[in-house]
Structure formats: C-alpha cells, structure tokens
Amino acid sequence: MEREYFLTTDRIGFSDERLNTDLDDSAEEQSAGRNAVLYIHGKGGSHLEAEQYRKNCPGFDIIGVDYEVDVPWIVEDKIRQVYDEAEKKYQHIDVIASSIGAYFAMHSLQKKHIEKALFISPIVDMEKLILDMMNWAGVSEEELAGKGEIPTDFGETLSWEYLCFVRENPICWNVPTEILYGGKDNLTSRKTIEQFTDCHNVRLTVMEEGEHWFHTKEHLTFLDRWMKDIMLTETEKSESDNKIKIRIADVGDYIQVRDFYYSLIDAMEDAEYKPGWERDIYPTQEFLVHSIEKGNLYIGRVNEYIAACMVVNHEYNDGYHNARWSVNVKDSELFVIHALGVHPAYSGKGIAKQMVQKVINTAREQKIKTIRLDVLEGNIPAEQVYTQMGFVYCSTIKMFYEDTGWTNYRLFEYIVN
C-alpha cells in the first residue's frame, strides 16, 4: 500500500497507518536483549511518524512517544513513563527526536541511560529561541512578566512561566549525539547549533539546502542516508565501539568533560556498585579545570564521543602515607590515577582497561616506578579491572574525601617494569 505523506511546520508523517506504541507484557520475552528507539516528535506531530524510520533502524523496535501539550513539565512525565517501561524490556535504548522534541528529550532523559541520540533540526537553546520570538513580537521581559502570556502574529503564545521554567531547569546532556541540521533553518541559527556542538558530546551533519523541516524528496533522501549510516548493525557497532582514541584534554574540552562526569554520576545513582561521587563535590569543577591546565586529564573517545575520562598526576590523599606499599619512591617517581570513569553506554567493552593501559604505557615512557590508586571499599567491579591489569592490593585505609567523608578505601599498586 502506497503511503500518503502529509506535512506540518516541523515534521512528516503517515496518514494511512497506525503505530502500536504499547509495550504489553506479551512482548517482553521477545524484546529481551533487543534494542529500542524512542521517537519524540516535534510540535503538532504524532507518534505515528516513528514508523517512517523503521527502515533505517534494522534490529531496533521503534516506539513513538505521543504527547499533546507542548510544555516540558507535562511532556516529561509521558516521556519518562515510556522510557521506564522500555528500560524493563530492552538492553539498549536510543532516541530519535525532531525540533522541539529534541529539547523535550534532553530535558526529560538527561539522567537516563541512553546509548545515543539522533536529533533532526533540534531546538538546542530554548531560552534563546523564546527571547528571539519575544524580539520578533516586540515584547519585553517586563511586559511578558506582567501579562503572563502574550499571543503573537506568527502563531505562538509567549509564556513567562515557560521562560522561567527553562531558566530554572538547565540541561546537562552528555549522551553521544548526532545532529542533522538544515543550513536554511529559520528557528535555530548556525551559530547556536555550532556552539551547542562545541560544548557537548555531539557530531554535526549539515545539509546546506535543508530547512527546519525536511520534506522534499532531496531532503528525505539525505535524512535517510544520514540515519542509516549511524544506525550500524550490532556487529559493526560492537567492533566500532571497542576502538578508543585516548588523548590529553585541552581547555576546549572542559564543558564536555564536566558534563561527562555529571552524566556519569546521574546514570550511576541507582547502580549496585558506584564510586560515591557527587556533582561538583567530586570531582569538583576546580579539580577538572586544574587538571586540564596541568595536562593531567585524559579523555577517551569512541566514534568521536567521550566514553571515559581520568586524571593522572603525582598527588594523593594523606592516607597514602599509612599504606603498606611495595616500594618507596619520590612523588615524582609515581603516578596516581584519579576519577577514572567509563560512561555506562560503553560498559563491558574493555574501555576502562584501555585507559589503564594508557597510564601504564605513559609511565614506562616517563620512567615512572609505580602507579597507585584507591577504590571505595565494596566497589568490586572497579577492583576487578585493576587486579586484571596487574595491580596488587596493598592496604585498607580510612581516608577523608569531600564526597564520602571518612570511609574505608582499598589501595592498589602497579610496579612498572
């Protein structure tokens, strides 16, 4: 049956088919171990649009998220409800979102475990868009604050409540993200999209002749090719995800590094084994900035996305003086590993071991004699990584860190040959 396309200002969809988005229990066994894509449409769109992307996502179940009221504090409940149900039945969840749907996705899912996101003509700076619309309508903040809501000639209603909500709920987004942007987008400027790309874990693709909504045959062909290239088969993805490029971070990486740790901490909040870190307490922003400036912070990228970070220096907690180390060395002769974290999207791929191996190789190059570190007592997966890499347990010492207070830590050492 030939499908009939219909258009709105930021979407295309189908008028002859319905997509069943219910995740009923009968499908649970079939879905176990598979991948899912959540599709979040733009303003005036429909969950039915998700069907058009099925051909580009082999091996994925497509789940359309439907909503009717275009305000984030209402939409977030619907998106999280669908995500929570999907999480029970799928090992990996990706997101495809269009226009304002991308903003809703980032706001609602920034603390969830998303493998990757594909954004089409996304609204990435909602505050700027609202301020731009206020400027187009000749409305000041004082006027909007006084009236609450002001309708415009271009069909949008400006809302003081909406603007305040956006300002009070900033987005921290570190999910590996692909963006498709039209060079003739009339809602988000090229400068805005590039600023977002520079500060986040994003790879940008631009179709110079594209518009905010991709609707011509040329637009849709470009979109399909872009999406197919990203949605790799599981075999290709597994091979690709194991290839990590590790380098020393520079000042321009700071925002991405900070957001990486924010995302990691949020994602591990309910994990069985966690390092005990807290936002801006450990690692602090000052610690990250200082480490970058000193050339001590390493980032590991997979397919251009930050998968892991760590700090390697000669500094250590005072409790190290009480440990039973195998060798006595000067501070300049030892490395200490701090804040080694791997994003959950890349867990189980040997990324942590590759990061540790980088430290070992660098230590050999710099004639370092020993590498030391501490692990929060009870963090068994972390201990296993280090012991498998040749680290030896030395002592359990009660030490003070801002995020955990006085707590037992297990100290490990690697003697560099």
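Would you point out the residue of segment 293-340, among those that are of a type in the set (Gly, Ala, Ser) and surrounded by fewer than 22 Cβ atoms within 10 Å (Cβ to Cβ), that is farthest from residue 410 (Cα to Cα)?
Taking the candidates together, the pick is 295.
Give me the residue from segment 328-359 that is farther than 24 Å from residue 399 by Cα and assigned to a loop (DSSP other than H, G, I, E, B) and, out of that set, nearest to the chain's Cα centre (by Cα).
Only one residue tops the list, namely 343.
Counting just the residues of segment 79-97 that are among the basic types (Lys, Arg) and part of a loop (DSSP other than H, G, I, E, B), which one comes out farthest from residue 58 (Cα to Cα)?
88
Look at segment 37-71 and say how many of its residues are out of contact with any strand residue (DSSP E or B) (no Cβ under 7 Å at 6 or more places or on another chain) and either polar (S, T, N, Q) or part of a helix (DSSP H, G or I) (or both).
2
Looking for something among the charged types (D, E, K, R), within 20 Å of residue 204 (Cα to Cα) and not in a helix (DSSP H, G or I) - is there at least one such residue anywhere in segment 98-112?
no
Does segment 160-195 hold any residues that are touching a residue at least 24 places away in the same chain (Cβ under 8 Å), farther than 30 Å from residue 93 by Cβ and polar (S, T, N, Q), and which are they?
Hit for segment 160-195 is 186, nothing else.
Condition first: of a type in the set (D, E, K, R) and more than 20 Å from residue 105 (Cα to Cα). Now tell me which residues in segment 175-184 satisfy that.
Listed by number, the list holds a single entry, 184.
Evaluate the following for residue 292: is it touching a residue at least 12 places away in the same chain (Cβ under 8 Å), assigned to a helix (DSSP H, G or I) and farther than 23 Å from residue 363 by Cα?
no
State all residues of segment 298-327 that are part of a strand (DSSP E or B), aromatic (Phe, Trp, Tyr) and modelled with pLDDT of 95 or more; if no residue qualifies, say none.
Scanning segment 298-327 gives a single hit, 298.
Restricted to segment 93-152, and to residues that are over 26 Å from residue 190 (Cβ atoms) and of a type in the set (Ser, Thr, Tyr), which residue is surrounded by the most Cβ atoms within 10 Å (Cβ to Cβ)?
The residue in question is 108.
Being touching a helix residue (DSSP H, G or I) at 6+ places or on another chain (Cβ under 8 Å) and over 17 Å from residue 120 (Cβ atoms) is the filter here; which residues of segment 167-198 pass it?
Correct list: 167, 169, 171, 172, 174, 198.
Every residue in segment 256-283 that is modelled with pLDDT of 90 or more, part of a helix (DSSP H, G or I) and among the β-branched types (Val, Ile, Thr), please.
Once the filter is applied, which keeps residues that are modelled with pLDDT of 90 or more, part of a helix (DSSP H, G or I) and among the β-branched types (Val, Ile, Thr), segment 256-283 yields only 257.
Taking strands (runs of 3 or more DSSP E) that fall entirely within segment 128-188, which contain at least 1 residues that are farther than 30 Å from residue 262 by Cβ and acidic (Asp, Glu)?
149-151
When you scan segment 148-155, do you find a residue that is at pLDDT below 95 and on the phi > 0 side of the Ramachandran plot, even just one?
yes
Take the residues of segment 234-255 that are at pLDDT below 90, of a type outside the set (S, T, N, Q) and not in a helix (DSSP H, G or I): which is nearest to residue 300 (Cα to Cα)?
Among those that are at pLDDT below 90, of a type outside the set (S, T, N, Q) and not in a helix (DSSP H, G or I), it is 244.
The values are calculated or read from the model by the stated rules, or taken from the named source; none is laboratory data. Since we're looking at a predicted model, the values are computed, not measured. Using ideal geometry, Cβ is built from the backbone for each residue, glycine included, and neighbour counts are taken over all protein chains shown.
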